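Chemist: What follows is a structure written as structure tokens; I'll ask about it next.
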Amino acid sequence: MIKVLMVCLGNICRSPLAEGILKSKVYTDKIVIDSAGTVAYHVGNLPDKRSIEVAKNYGISINDQRARKFVVKDFDEFDYIYAMDESNYQNILKLSRNENDSKKVRLILNESYPNENLSVPDPYYGGDQGFVDVYKMLDEACEIIANKLASK
Ligand code: 4NP
């Protein structure tokens with residue numbers, strides 16, 4: 001079993017898309033994918049309507065997801081923890097207890113743009129195009145992640 005966790009700030013815009021996209025590219029139940037946010041503002045909520053809409057336009061349903069907060073125990077549960085942006089990355093690292101925890105944490109766009117330390121922009125306060133842009137970035141990164149996982 002390989003477990004992958006996608007993490008953003010609110011767990012309503014970016015990481016639900018990353019979770020849904022990666023799930024759509026993985027064809028085995030030996031890979032488990034979840035998402036979480038570093039803050040609790042939206043706990044229990046559905047993904048943002050705009051994330052639901054853009055996912056739907058690409059044939060993916062993320063309506064079954066509910067926001068939750070990242071917890072320290074996630075370091076024990078998950079093998080790979082993908083942060084959507086630099087701030088999420090730092091916030092997760094602050095919670096790590098040791099090197100075993102911290103080495104699980106990566107910036108998701110380093111999969112598609114290695115060593116560039118790029119962030120998936122927070123689309124929350126912007127317009128619909130921001131969600132389309134986020135979708136495309138995550139689709140590209142998740143394609144690479146799915147291929148890597150398939151070869152494990
Ligand atoms: P996410 O986007 O981190 O991609 O889920 C955000 C969602 C909510 C807020 C900010 C970003 N907020 O400030 O409530």
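The values are calculated or read from the model by the stated rules, or taken from the named source; none is laboratory data. Computed from a predicted structure; not experimentally measured. Note: ideal-geometry Cβ built from the backbone for every residue, glycine included; neighbour counts use all protein chains shown. All accessible areas refer to the heavy atoms of the entire protein, side chains included, with ligands and DNA or RNA removed. Shrake-Rupley method; radii C 1.70, N 1.55, O 1.52, S 1.80 Å.
Chemist: State whether the chain is rounded, prolate or oblate according to the following rule on the C-alpha gyration tensor (a ≥ b ≥ c being the square roots of its eigenvalues): a/c under 1.5 gives rounded; otherwise a/b larger than b/c gives prolate, and the remaining case gives oblate. Display every interim value, and only then the final one.
Modeler: On the way: a/c = 1.37, a/b = 1.19, b/c = 1.15.
Taking the square roots of the gyration eigenvalues as a ≥ b ≥ c, the chain is rounded.
Chemist: Given a 1.4 Å probe, how much area per residue of the range 27-152 is accessible, in Å²?
Modeler: With all protein chains present, the range 27-152 gives 57 Å² per residue.
Chemist: Okay, next question. Give the residue from Ser35, Val120, Asn147 lying farthest towards the positive end of the charge dipole for the chain; charges sit on Cβ (+1 for Lys and Arg, -1 for Asp and Glu) and the dipole is referred to the Cα centre.
Modeler: Sorting the options by dipole projection puts first Ser35.
Chemist: In debye, nearest 20, what is the charge dipole magnitude of the chain about its Cα centre with +1 on Lys and Arg Cβ and -1 on Asp and Glu Cβ, if you could check?
Modeler: 360
Chemist: To continue, here is another question. Would you kindly state how much longer the chain becomes between Leu93 and Val43 on full extension, computed as 0.36 nm times their sequence separation minus their alpha carbon distance, in nm to one decimal?
Modeler: Between Leu93 and Val43, full extension yields an extra 15.9 nm.
Chemist: Another question about this same structure. If one computes the Cα centroid of the range 1-74 and of the range 87-123, what distance in Å separates the two points?
Modeler: 16
Chemist: Quick one: if you stick a label point 7 Å off each Cα along the C-beta vector at Lys69 and Val132, how many nm between them?
Modeler: Between Lys69 and Val132, the simple spin-label model gives 3.6 nm.
Chemist: Could the peptides 42-52, 142-152, 12-22 be put in order, highest first, of the mean number of other beta-carbon atoms found within 10 Å of their residues?
Modeler: Top to bottom by mean Cβ count within 10 Å: 12-22, 42-52, 142-152.
Chemist: Once label points are set 7 Å from the Cα along Cα→Cβ at both Asp76 and Arg106, what is their separation, rounded to one decimal in nm?
Modeler: Result: 2.5 nm between the two label points.
Chemist: Sticking with this structure for a sec: If you roll a 1.4 angstrom probe over the protein chains with everything in place, what fraction of the accessible area of the range 2-150 belongs to carbon and sulfur, to the nearest %? It would help to have the intermediate numbers written out before the result.
Modeler: Details: 3700 of 7350 Å².
Using a 1.4 Å probe with all protein chains present, the range 2-150 comes out at 50 percent carbon and sulfur.
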